[in-house]
Amino acid sequence: MANPSQLQAHKIGAPLMNQIKLKGVPILQQLHLEECLLRTSSHNWCIINQGTNHPTIVMGVSGKPAELLKIESVLCDQIPVVRRFTGGGTVVLDPSTIFVTFICNKDAVAGLQPYPQPILSWTGALYNKVFQGIGDFHLRENDYVFGDRKFGGNAQSITKNRWIHHTSFLWDYEVRNMAYLKLPARAPEYRLARGHLEFICRMKDYMSRSEFISRTIEAIKTHFSLRSAEAESIETSASFAGIQVKPDNKEFYSIGERLNIY
Amino acid sequence: MASRLMWASRAASYLRISVFHRGFASVVKDLKYLDSHEWVKVEGKSATVGITDHAQDHLGDVVYVELPEVGAPVSHGSSFGAVESVKATSDINSPVSGKVVEVNEELNNSPGLINSSPYDKGWIIKVEVSNNGELNSLMDADKYTKFCEEEDGSH
C-alpha cells in the first residue's frame, strides 16, 4: 500500500492551480474576477464562492430578458439581472448557490481538446469522483443531474489559449425565485417540458456543503497541484496582494482593489 | 447515407473543397488559415473571414454570433467577436489586420449558417487589409489539413 509520501510524489510535475475561496461575494463581482483572470492571467485558477449576497438573475451572453424572464415580477421585486460573458441559459442565484469555476490554460489538462464537449466531459468525470455512490449522479446533455433532475448548470468561454468552465450548484433554492423565469425556448431534451420545480433538485438533500467542497478539492488534486491564493475563506475585504493583472488598456491593478470585493 | 455522400461530393466539387473519406472536416484550397481555425479569402486589399468546418464541427450548433461594429479595427491573431454554441462562447480571431467594412447581418437571424455553410453563406466579416505581409504567416490548405490531423490525433 502506497504511503502518503509516495502518493504525493506522483503529483510532482502536475500543473499548478491557484485556489480562491470566497463566501457571499456578489455574482457580478465574481464574474468580473473570472473574466479578468481568463483574459489577463496565464495561470490556472479554481474559484469556489459559497453563495451570492442577494438573489440575482444571470443570463447567458445572448439572453433576451423579454423571452426568458417574467419582466413585471422581476421589476416589481427589483431583482438584479446580469448578462454573463459565457454561453448557456438563465439561472436565479442566491446565498444558497455554490459556484465552482475552473480557468485553465489550454494545455493544462493533458490530452484535453479546448472545445465545449471535451471540457464538459472532463468536468463530468471530475464530479463523478465527487458524487461517487451518491444519488445516481451523472452528466446529462450539458447539466449535472441526480437521476433526471438538474442541480448543476454549466457554462463556458473559450479563448485562443485558455478556457473557463463555471458551474452554479443548487445546494438549496427559494421556490419563489424560480417563478421569475419563463420556460426557455431552448431546453435540454431530457427536460421534457417540465416546469422548473419538477426539473431541478436540491444538492443539500444528497450531501452537506462542507463535504461537497472538500470532495471537490480532493478531486481537483488528482489533476492539479493546488495552492491557496489566500490563507482562509474571505468574508470581508479580499486581498489579492501580489497578483497584478494587465488588461488590454495597459493599466496595472490589484484584482482585489479594483473589484472592491467584499 | 449514399445519397448524402453523393450530394457532398457534388458540393465539394463546386466549392473546390477536399473531402476526406474518414469524415475529416472539409478544407478549401484557395483560402489561408489561422491555427485557431479561422479562414481568410484575400482579394487585393479586401478579405473575407470565417471559421472553418473543423471549428464548427467541434463547437456544435451555433446559436448566436457576436459581431463587431463596422469600422472597428481588427488585428492579426486577436479576437474580434465570438460564437455561442449551446453553453459556450468561443472567441473568433482575425487572420488579418485592418478595418471591418462589412459584417454578415444574416448571422443575426440564422447563426446556423456557420454550421451549414462555414466557407460560403457563413462568412462573418469583411476587412480592408492594412498589412498584406501578415498573410505569409498563415497556413495554406495543405498545411492546415495536416495541422488539423495532428491536433485531432494528439487528443
Global size of region B:32-155 as Cα Rg and Dmax, reported in angstrom: 13.6, 39
10 Å binning of all Cα-Cα separations within region A:124-205, expressed as whole percents from 0 upward: 15, 47, 30, 7, 0
In percent, what relative contact order does region B:35-149 have, based on Cα pairs under 8 Å that are 6 or more apart in sequence? 30 percent
Over all distinct Cα pairs, what is the inverse of the mean 1/r for region A:64-129, reported as the Kirkwood hydrodynamic radius in Å? 15.1 Å
Please compute, over every Cα-Cα pair in region A:27-74, the percentage with a separation greater than 16 angstrom. 55 percent
Cut-off is 10 Å between beta-carbons; in what order do B:I92, A:I213, A:I119, A:I134 appear when sorted fewest neighbours first? A:I134, A:I213, A:I119, B:I92
With Rh as the Kirkwood radius over Cα pairs, region B:98-155 has Rg/Rh of 1.08
At 20 °C in a medium of viscosity 1.002 mPa s, region B:26-76 has a Stokes-Einstein diffusion coefficient, with Rh taken as the Kirkwood radius over alpha carbon pairs, in µm² per second, of 170 µm²/s
If each of A:K129 and A:V175 carries a label point 7 Å out from its Cα toward its Cβ, how far apart are those two points in nm? 3.8 nm
Rg and Dmax of region B:88-130, Cα atoms only, in Å: 11.2, 31
Between region A:54-99 and region A:148-167, the Cα center-to-center distance that results, in Å: 17 Å
State the Kirkwood hydrodynamic radius of region B:47-109 in Å, one decimal place, computed from all pairs of distinct Cα atoms. 12.2 Å
Report, as a whole number in µm² per second, the diffusion coefficient that Stokes-Einstein gives for region A:25-175 at 4 °C and 1.567 mPa s using the Kirkwood radius over alpha carbon pairs. 80 µm²/s
Rank these for me by crowding, A:V175, A:V58, going from fewest to most other beta carbons within 10 Å. A:V175, A:V58
Per 5 Å bin, what is the whole-percent P(r) computed from every C-alpha pair distance within region A:164-205? 5, 18, 26, 25, 21, 5, 0
When you take every Cα atom in region A:129-171, what is the radius of gyration, and what is Dmax, the widest Cα pair distance, in Å? 12.2, 37
Bin by bin, in steps of 10 Å, what percent of the Cα pairs in region A:91-172 do you find, going until the bin that has the longest distance? 17, 49, 28, 5
Take the alpha-carbon centre of region B:112-143, take the same for region B:71-109, and report the distance between them in whole Å. 11 Å
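Every number in this text was worked out from the coordinates using simple rules, so none of it is lab data. As the structure is a prediction and not an experimental result, all values here were calculated from the model. A quick note on method: Cβ atoms are made from the backbone with ideal geometry, for glycine too, and the neighbour counts reach across all protein chains shown.
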